[in-house]
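Engineer: The structure is given below, and queries will be raised subsequently.
What follows is calculated from the coordinates using simple rules that are stated; it is not laboratory data. What you are looking at is a predicted structure, and each value in this text was computed from that prediction instead of being measured. No Cβ is skipped: glycine too gets one built from the backbone with ideal geometry, and neighbour counts run over all protein chains shown.
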Amino acid sequence: MPDTVSTGLRRTSPLARYWQGADAARMSAGAVSVEELPFQGVIRLQRREATSAFMNSVADILGAEAPVDPNTCAGESPACLWAAPNEWLLVTAPDKDRALAIALQQRLDEALPGETVAVALLSDARAVLKISGAAARDLLAKGCSLDLDPGQFSYGKCAATLLEQVPVTLYPMANESAYCLMVDRSYAAFIWDWLAHAMREFGEAAKSPDGVSS
Amino acid sequence: MAKPDHRLPQGGRINRDKPLSFSYDGAVYQGYEGDTLASALLANGKRLLGRSFKYHRPRGALSAGVEECNALVRLESGGYVEPNARATLVPLYQGLSAKSQNCWPSVDWDIQAINGLAARFLPVGFYNKTFMWPSWRFWEGFVRRAAGLGEAPEAADAQEYHKRHAHCDVLVIGAGPAGLMAALQAAGSGARVILADEQEEMGGSLLWEQDEIAGIAAAEWVRSALGELAAQNNVTLLKRCTATGYYDHNLIVMAERVSDFLGPKAPVDVPRQRLWKVRAAQVVLATGAIERPLVFPNNDRPGVMLAAAVRQYLNRYAVAVGQRVVVACNNDSAYRTALDLQAAGVEVVAVVDVRADSQGSWVNQAKSAGIRILNNHAVTNTKGRKGVTAARVAPYSGETPGVARWLDCDLVAMSGGWNPVVHLYSQSGGDLDYVEADGVFVPQGRDYIQTAGSVNGRWLLAECLREGAGAGVKAAQTAGFEAAAPAPENASADTLKQGPTLPVWKLVDESSDKQWIDFQHDVTLSDVELAARENFISVEHFKRFTTTGMSVDQGKTSNINGLATLAQVLGKAIPQVGATKFRPPYTPVAMGALAGPDLGPFYRPKREMPCHDWHAAQQGDFDDAGYWQRPSCYPLAGETRQQAIKREALMVRRGVGLFEGSPLGKIEVRGKDAAEFLNRIYMNNVPSLKQGHIRYALALNDAGAITDDGVFTKLGEDHYLLSPSSAAAERFVGSLEEWHQTAWPHYEVIISPVTTQWATLTLAGPKARQVLQKLDADIDFSKAAFPHMAFRSGALEGVPARISRVSFTGELSYEVNVPASYAEALWRRLLQAGEPEGIAAYGLEALIILRLEKGYLHIGADTDGNTIPDDIGWGAPARKKAVDYIGRRSLDLPVYCQGRRLQLVGFKLLGGRGEQCIEVGAHSIESADTASGMRSTGFVTSSCFSPHLNQPVAIGRIEDGRNRQGEVVALYYDRKTCRAEITAPVFYDPEGERLHA
């Protein structure tokens, strides 16, 4: 598998119908905005047992330790999310995914001969959205039953949960009132449409002299 | 415009600078901002506000709040209709339009009031007993028209409803004195607090009782308390928000009326209502109490009202409902009504008290104020056709001297004591205690709920404030916060004393059918007695037989009177009869609020395939396949669906077609035990498969039934790719994990689903190879290098590709898998490359025809939960496999080895029916002429007209089918029979030459 893809074929986002020319999908209403982070790299790393040899090798490659506490994440690029026992998701910048996946598989196979490690590219299977602004939490709370209060769900935490019946991975982003939302590519347009509908009440048009939207 | 004649010149919480006009039954009236529809109508002298459910008795507002059972109206029109709105809860807005319900031609002249004359013939159970012949169905239409409440709206709701999840440490329900104190204390601890209250304004009774707290007027104290709460960012204040359901683990559902107070003019982007789902560590119920009516003949006339409601209309809305008032009571609180009325200049004719005396503060104040008090007396009847004109007053007990007399009045303010609002507490599973002295049920107490104030039977303000503060502290502490003990509020009410209440359940000894217990459902004292005579002595049976407490108001005023009366009739103590269990919702919730935004496009999630936008641009139909949106066919201009399907099917047989099969499952299984693990999962042999090859496989459940079919590919040493069917893609991952984790955890195996990472574009047809060979690829597509059931990976147009030579159509076919983001570009490239070959897209419908011509199974359609491999011709490999696998041992069960099992066959229709095919679900029978001949011996499971063979083809399962090929059977469907020949279940290319082309 080559490190990069060299093709004349254009990549298409699952939200392509909402793009403006070359600009990825984005929308906002009042104090909340949603933008697509197109073609983010997503890698799933699985091991049967997280031995210290394995954890050390992963730390060597990533430059940071993979989190072992459930529902926590570490690092920035790549961000490393605890996804399940002995399972992590790595989120990278676009086009950094293949090289990292190859490096992980090769170096872990070398370091742990005879043991099974699975590295799967999921970059094309996921859409990644950034939801930000003062009303971001209010917007998510319309379809997500998790307690999103910063006291409970702050930077460094992550969760696999449901947003309007759709499985998503959600984590707060660093130093902003922003959340990163990962959803299966096939549900991306449904979630986008749902968010667009749900966020209308935060917009200017919803403000009335009676201040009902407050 | 009618001039308001019951409005006091000053006072109240209405905004006299903002007059509002509104209409009721077509007439225009005026009210003020801060009014409810009921207060504004009463201010205009309009007291007849409804007709009763069964007898169409004239009714006026009984209450000023949530317990209202009479003043139900229909609001607005078209998409804004709300039936059964309680006028006491409808905030007035400019242009509000309301209509009376359950009356014709008008609320003033209702023709069905004639039912009232026949009341003695229409007791409870009347319907069940009378309308038995010819059947209840026959009568139902007439009865439904005669009895009833509002009519359901006809137009779609024009407004939106949203939902919202929330979490907090302390949820306080009710913002009266106890709730406000609880919220203040809990908030001070730093706990996250939500305070919810159902009214337009927070404050509860403090908004209208003449109380003082800490030296200031109660309403002022409310304002400063709310200011203090609003300033803290750990506090959420939700007014107009009714907690309607209390579910397990402190999940509380609340309905917030976000913009109802603006009516149809609310901004479109603002929801009308919002359903909150709150998860709270601790809950404080400060839900207060509702006043109890007294039961006496003709206690339902307009002008008989709860005493506290009279006080509330007076003090909150500046409306004097009557000018000459008789107060009837059994407790001290009603004396406040007499005092407040007198202070407002309204004549208090008398306070009629069943008790001998009381030394309570308000009673003493009334005595000093010179109010006439008739102790040991009760109101025993009223007069007045559409409103009270006189009340009959008689000695309550035999020892009292005196005679019955009529007192002229236009309003009877009654108080039979107070019922704590224990509904939410009861919903939570909590049990109730009966307090004999007050005749009330109160919460017993649970560790995750605090209750405070009059819900606990505390009737004095000082007690409520103290208890509220204590509950707030305890809730915060239990939720893990440090909360200081509260400083006692200096309530002026602290010096107040109250005399004991005398619970009474009926005021006259005679039985009559005019003593209302449930006003809304027209249940009277005599109905309760009848129920008891007919042995409905369990309180739950009694409720359902009489329908007490089953209407819009859910018995808020009637439940206790009903069960207490039942207890009296049965000669039992009230706790022995007990209370019915309360269930959600506490008050009616709009269906729209429950549905929320989950309608239309958001009814359920949709999944789109990577080339969705291309498919959508073809104007084709999408089928729901699970959550997936899949194109059924692609009609060209001027083409019908049927023509398109036929064209697409023939195109694949003769040339080449392109199909998107992206939902096809893709699961990678890796590890040194992968082959052994999969050998147990599949019925088919796994280890013998060579790298780069593909094998068809069946998966069984542990009962031996086939659950899925698909293929698996050996990608590399210890590395497999499984392709379960699209419908099973996610279920199969779960099944693999379950077996791995529970049965064979020692296997070194990792399961990694990658279904949506890879788009699947299928090229099928004799010219498929020619098209593929035009693309830039490092893969040799020649027949020799890339045979049927082989797998190759490489680069196609520079994109990583996994290509499987498998076929679900019977033609030469390549499933081309590429990362999903390249799919649409590759799709277009393939169509372009195939143009000379006449390529076009084909949809699910054509695929179904193609696979059926070939006799390929659709598990779940052609099989069911009772189908084993032998039934579909896989018996020998299933039995021969040396290694145990899931379902193997069940295949030896007698039921699977004996008798004439249903086996897969084909059906060839005899006798021309044109292009009409055999109906799916048709049963094979001996003969339709005799009952025994009608026994089913099998059925058709899939059927279509084959455009390629130009004949109908079908497959199905029939008893002993494999041995009966060539036999002709009758197929019966919907009273018609056709004849068909049993064949092998394959109609096209039985040798498989085209597959291997």
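Engineer: Give me B:V895, B:V523 sorted ascending by neighbouring Cβ count inside 10 Å, so fewest comes first.
Structural biologist: Ranked by crowding around the Cβ, least crowded first: B:V895, B:V523.
Engineer: Put a dot 7 Å past each Cα toward the Cβ at B:A152 and B:D884; how far apart are the dots in nm?
Structural biologist: 5.6
Engineer: DSSP loop GluC sites (Glu not before Pro) in the stretch B:211-289 with at most 13 other Cβ atoms within 10 Å of their Cβ, which ones?
Structural biologist: Details: sites: B:E212, B:E220, B:E228, B:E256; in loops: none.
Passing sites in the stretch B:211-289 do not exist.
Engineer: Another question, then. How big is the stretch B:53-93 by the Kirkwood estimate over distinct Cα pairs, in Å?
Structural biologist: Details: mean 1/r = 0.0896 Å⁻¹.
Here the Kirkwood hydrodynamic radius works out to 11.2 Å.
Engineer: Can you list residues whose amide H is under 5 Å from B:V352's amide H, if they're 5+ apart or on another chain and H is modeled 1.01 Å from N?
Structural biologist: Residues meeting the criterion, in which the H sits 1.01 Å from N, are B:V327, B:A328, B:C329, B:L374.
Engineer: Taking all pairs of different Cα atoms in the stretch B:782-839, averaging 1/r and flipping that mean, what Kirkwood radius in angstroms comes out?
Structural biologist: On the way: mean 1/r = 0.0805 Å⁻¹.
In the stretch B:782-839 this quantity evaluates to 12.4 Å.
Engineer: Would you mind computing, in nm to one decimal, how far apart the modelled labels at A:R10 and B:Y434 are, each placed 7 Å from Cα along Cα→Cβ?
Structural biologist: Once both label points are built, they end up 7.9 nm from each other.
Engineer: Over 29 Å between C-alpha atoms is what I'm after, so list which of B:K386/B:K572; B:K666/B:K783; A:K130/B:K277 land there. Don't skip to the answer; put the middle values down first.
Structural biologist: Numbers: B:K386/B:K572 37 Å; B:K666/B:K783 25 Å; A:K130/B:K277 25 Å.
From the list (B:K386/B:K572; B:K666/B:K783; A:K130/B:K277), the Cα-Cα distance tops 29 Å for B:K386/B:K572.
Engineer: Short version: ³J(HN,Hα) in whole Hz for each residue of the stretch B:990-997, in order, from phi by Karplus 6.51 cos²θ - 1.76 cosθ + 1.60 (θ = phi - 60°), x for Gly and Pro, what are they?
Structural biologist: Result, rounded to whole Hz: x, 7, x, 5, 6, 4, 8, 4.
Engineer: Could you pull out the trypsin sites (Lys or Arg not before Pro) across the stretch B:379-447 that fall in loop regions by DSSP (anything but H, G, I, E, B) with no more than 11 other Cβ atoms inside 10 Å?
Structural biologist: On the way: sites: B:K383, B:R385, B:K386, B:R392, B:R405, B:R446; in loops: B:R385, B:K386.
Sites meeting the loop and neighbour criteria: B:R385.
Engineer: Evaluate the charge dipole of the stretch B:509-586 about its Cα centre and quote only its size in Debye, nearest 20, assuming +1 on the Cβ of each Lys and Arg and -1 on the Cβ of each Asp and Glu. Before the final figure, lay out each step's value.
Structural biologist: Numbers: 8 positive and 10 negative charges, 88 e Å.
Around 420 debye, computed over the stretch B:509-586.
Engineer: Then there is this: Grab the other residues whose beta carbon is less than 15 angstrom from that of B:L830, score K and R as +1, D and E as -1, and report the net.
Structural biologist: Details: positive: A:R10, B:K767, B:R769, B:K774, B:R828, B:R829; negative: B:E660, B:D776, B:E797, B:E815, B:E824, B:E835, B:E837.
Charge balance near B:L830 sits at -1.
Engineer: Ok, one more. Mind jotting down a quarter of the surface of the convex hull over the alpha carbons of the stretch B:137-270, in square nanometres, one decimal?
Structural biologist: Values: hull surface 52.2 nm².
Its Cα hull, projected and averaged over all orientations, spans 13.0 nm².
Engineer: Follow-up question, since we're still on this one. Could you point to the residue in B:M934, B:Q554, B:S428 farthest towards the positive end of the protein assembly as shown's charge dipole, with +1 and -1 charges on the Cβ of Lys/Arg and Asp/Glu respectively?
Structural biologist: Farthest towards the positive end: B:M934.
Engineer: When the dipole is taken about the Cα centre of chain B, and only Lys, Arg (+1) and Asp, Glu (-1) are charged at their Cβ, what size is it in debye, to the nearest 20? Walk me through the numbers before you get to the answer.
Structural biologist: Details: 104 positive and 110 negative charges, 294 e Å.
In debye, rounded to 20, chain B gives about 1420.
Engineer: Quantify how much of the Cα-Cα distance distribution of the stretch B:375-499 extends past 27 Å, in percent. All intermediate terms of the calculation are to be shown ahead of the outcome.
Structural biologist: Numbers: 3547 of 7750 pairs.
Result: 46 percent of Cα pairs exceed 27 Å.
Engineer: Only bridges whose two residues both fall in chain B count here: according to DSSP, what percent of them are antiparallel, nearest 5? Mind showing how you got there, number by number?
Structural biologist: Details: 132 of 177 bridges.
The answer is about 75 percent antiparallel.
Engineer: Helix B:136-146 against the longest principal axis of chain B: what's the angle in degrees, Cα atoms only, rounded to the nearest 10?
Structural biologist: Between helix and principal axis, roughly 50 degrees.
Engineer: Projecting each Cα onto the charge dipole of the protein assembly as shown (Lys/Arg +1, Asp/Glu -1 at the beta carbon, about the Cα centre), which of A:A16, B:L721, B:Q916 comes out farthest on the positive side?
Structural biologist: Of the options given, the answer is B:Q916.
Engineer: If you don't mind, another one. Around B:N684, under 15 Å between beta carbons, what's the net of Lys plus Arg minus Asp minus Glu among the other residues?
Structural biologist: Numbers: positive: B:R680, B:K690, B:R695, B:K714, B:R879, B:K880, B:K881, B:R888; negative: B:E676, B:D708, B:D709, B:D870, B:D884.
Residues near B:N684 contribute +3 overall.
Engineer: How high is the relative contact order of chain B, in percent, counting Cα pairs under 8 Å that sit 6 or more residues apart? Provide the component values of the computation, followed by the final result.
Structural biologist: Numbers: 2344 pairs, mean separation 86.6, N = 997.
Result for chain B is 9 percent.
Engineer: Amide H to amide H, which residues 5 or more places from B:D623 or on other chains are under 5 Å from it, using H placed in the peptide plane?
Structural biologist: When sequence neighbours closer than 5 places are left aside, the close amide H contacts are B:R630, B:S632.
Engineer: For the protein assembly as shown, build the charge dipole from Cβ charges (+1 Lys, Arg; -1 Asp, Glu) around the Cα centre, then report which of B:N70, B:A801, B:A777 sits farthest towards its positive end.
Structural biologist: Checking the options against the dipole of the protein assembly as shown, the answer is B:N70.
Engineer: From a point 7 Å beyond the Cα of B:A876 in the direction of its Cβ, which residues of the stretch B:961-997 have a backbone N at a distance under 16 Å?
Structural biologist: Counting only backbone N, you get B:962-963.
Engineer: Among A:D69, B:D989, which comes first, second and so on when ranked by fewest other beta-carbon atoms within 10 Å?
Structural biologist: Details: A:D69 10, B:D989 15.
Least crowded to most crowded, the residues run A:D69, B:D989.
Engineer: Shifting gears a bit: Amide H to amide H, which residues 5 or more places from A:V168 or on other chains are under 5 Å from it, using H placed in the peptide plane?
Structural biologist: Excluding prolines and chain starts, which carry no amide H, the hits are A:T161, A:L162, A:L163.
Engineer: Additional query: Tell me, B:E198, B:E853, B:E926, B:E154 in order of fewest to most beta-carbon neighbours within 10 Å? Before the final figure, lay out each step's value.
Structural biologist: On the way: B:E198 26, B:E853 22, B:E926 15, B:E154 9.
Lowest to highest Cβ neighbour count: B:E154, B:E926, B:E853, B:E198.
Engineer: Label the stretch A:17-201 by shape, choosing from rounded, prolate and oblate, from the square roots a ≥ b ≥ c of the eigenvalues of the Cα gyration tensor; if a/c is under 1.5 it is rounded, and otherwise prolate applies when a/b is larger than b/c, oblate when it is not.
Structural biologist: Working: a/c = 2.34, a/b = 1.74, b/c = 1.34.
Prolate is the answer for the stretch A:17-201, as a/c is 1.5 or above and a/b outweighs b/c.
Engineer: A follow-up question, please. With Cβ to Cβ distances under 10 Å as the rule, what net charge do the other residues near B:W628 carry (K, R +1; D, E -1)? Please list the in-between numbers first.
Structural biologist: Numbers: positive: B:K606, B:R607, B:R630; negative: B:E608, B:D623, B:D624.
Result for the neighbourhood of B:W628: 0.
Engineer: Modelling each spin label as a point 7 Å along the Cα-to-Cβ direction, I'd like the B:A928/A:R17 distance in nm, to one decimal.
Structural biologist: Computed distance between label sites B:A928 and A:R17 equals 4.6 nm.
Engineer: Quick one: 3J(HN,Hα) in Hz for the stretch B:176-189, Karplus 6.51/-1.76/1.60 with θ = phi - 60°, rounded, Gly and Pro as x.
Structural biologist: x, x, 5, x, 4, 5, 4, 5, 4, 5, 5, 5, x, 7
Engineer: Taking the Kirkwood radius as the inverse of the mean 1/r across Cα pairs, report the Rg/Rh of the protein assembly as shown.
Structural biologist: A ratio of 1.06.
Engineer: Given the C-alpha centroids of the stretch B:618-646 and the stretch A:116-159, what is the distance between them in whole angstrom?
Structural biologist: 36
Engineer: Can I ask one more? For chain B, what value does the Rg/Rh ratio take when both radii are computed over Cα atoms and Rh is the Kirkwood radius, given to two decimals? Don't skip to the answer; put the middle values down first.
Structural biologist: Working: Rg = 38.3 Å, Rh = 34.2 Å.
When Rh is taken as the Kirkwood radius, the ratio is 1.12.
Engineer: I need the phi-derived Karplus couplings for the stretch A:37-44: 6.51 cos²θ - 1.76 cosθ + 1.60, θ = phi - 60°, integer Hz, Gly and Pro marked x.
Structural biologist: 9, x, 6, 4, x, 9, 10, 9
Engineer: With +1 on each Lys and Arg Cβ and -1 on each Asp and Glu Cβ, how big is the dipole of the protein assembly as shown about its Cα centre, in debye rounded to the nearest 20?
Structural biologist: On the way: 122 positive and 136 negative charges, 498 e Å.
For this selection, approximately 2400 debye.
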